[in-house]
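J.: So that we are looking at the same thing, I have put the structure below in structure tokens.
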């Protein structure tokens, strides 16, 4: 699944560790999502969407949208 | 506020990714060394023949009791580890279970067919039914209680 997490993080000038802290996950989790190695669970996807104040589908793209 | 943040910080440290990585490195190397020793089971005394009948019930009740306890502790784990590690841990456990069962069966098959007898590794052979039963306990626990948070 493609996502814009890295772009959104850069726009806010946050490090991976900083974003991880805001999402209450590990830095490795943020890195894995950004590199497409991990699809977040629905609760985490909602936390990400709330943090960036955007709908989930504007952050994550499953290629069928 | 998510359930993740309910756990106090010192306890959350137990679920740090690097600590889990290190644990798996030690566990993997330890298991590889133990298996490599080959004659490890011969170091253990054979049970008293009069007590052998108790071996099955002891083994079975041990798996059931520890299986139930593990299911309960797993709920605490799920609050502690984060999204990514949760998936890595559960999926690697699945791979590990299947590998254990298939590798045990394959090694016994090879030994029986070409070496003329069992591998005499009760640690491996005994682990197959134990793993299957433990897996079933975990499976039905999660079917009953669900996998969501």
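J.: Test residue B:141 against the criterion of being away from chain A (no Cβ under 14 Å), modelled with pLDDT of 80 or more and exposed (fewer than 13 other Cβ atoms within 10 Å of the Cβ), and give yes or no.
T.: Numbers: away from chain A (no Cβ under 14 Å): yes; modelled with pLDDT of 80 or more: yes; exposed (fewer than 13 other Cβ atoms within 10 Å of the Cβ): no.
No, not satisfied.
Listed here are the residues, each with its yes/no results for (1) modelled with pLDDT of 80 or more; (2) over 25 Å from residue A:41 (Cβ atoms); (3) more than 14 Å from every other protein chain (Cβ to nearest Cβ); (4) assigned to a helix (DSSP H, G or I).
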position	(1), (2), (3), (4)
B:56	no, yes, yes, yes
B:60	yes, yes, yes, yes
B:75	yes, no, yes, yes
B:91	yes, no, no, yes
B:116	no, yes, yes, no
B:123	no, yes, yes, yes
B:126	no, yes, yes, yes
B:132	yes, yes, yes, yes
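J.: I've got another one for you. Does any residue of the stretch A:45-52 turn out to be over 11 Å from the mean Cα position of the chain (by Cα) and either without any contact (Cβ under 8 Å) to a residue 40 or more places away in the chain or within 11 Å of chain B (Cβ to nearest Cβ) (or both)?
T.: no
J.: Right, something else. With respect to residue A:22, is the statement that it is more than 9 Å from every other protein chain (Cβ to nearest Cβ) and under 25 Å from residue B:79 (Cβ atoms) true?
T.: Details: more than 9 Å from every other protein chain (Cβ to nearest Cβ): yes; under 25 Å from residue B:79 (Cβ atoms): yes.
When the stated conditions are applied, residue A:22 passes them.
J.: May I pose another question? Quick one: which of A:17, A:10 is closer than 22 Å to residue B:21 by Cα, loosely packed, with under 15 Cβ neighbours inside 10 Å, more than 9 Å from every other protein chain (Cβ to nearest Cβ) and free of Cβ contacts under 8 Å to residues at least 24 places away in the same chain? Please lay out each step first, then the result.
T.: Values: A:10 fails: closer than 22 Å to residue B:21 by Cα.
None of the others qualify; the one that does is A:17.
J.: Sticking with this one: Hey, can you tell me all the residues within the stretch A:23-65 that are touching a helix residue (DSSP H, G or I) at 6+ places or on another chain (Cβ under 7 Å), outside any helix (DSSP H, G or I) and under 14 Å from residue A:3 (Cα atoms)?
T.: Those that are touching a helix residue (DSSP H, G or I) at 6+ places or on another chain (Cβ under 7 Å), outside any helix (DSSP H, G or I) and under 14 Å from residue A:3 (Cα atoms): A:38, A:40, A:41, A:55, A:60, A:65.
J.: Please state which one of A:34, A:58 is more than 13 Å from chain B (Cβ to nearest Cβ) and either buried (at least 16 other Cβ atoms within 10 Å of the Cβ) or modelled with pLDDT of 90 or more (or both). Break it down stepwise before answering.
T.: On the way: A:34 fails: more than 13 Å from chain B (Cβ to nearest Cβ).
So the residue among A:34, A:58 that is more than 13 Å from chain B (Cβ to nearest Cβ) and either buried (at least 16 other Cβ atoms within 10 Å of the Cβ) or modelled with pLDDT of 90 or more (or both) is A:58.
The values are calculated or read from the model by the stated rules, or taken from the named source; none is laboratory data. Quantities reported herein were computed from a predicted structural model and do not represent experimental measurements. With ideal geometry, Cβ positions are generated from the backbone for all residues, glycine too; neighbour counts draw on all protein chains shown.
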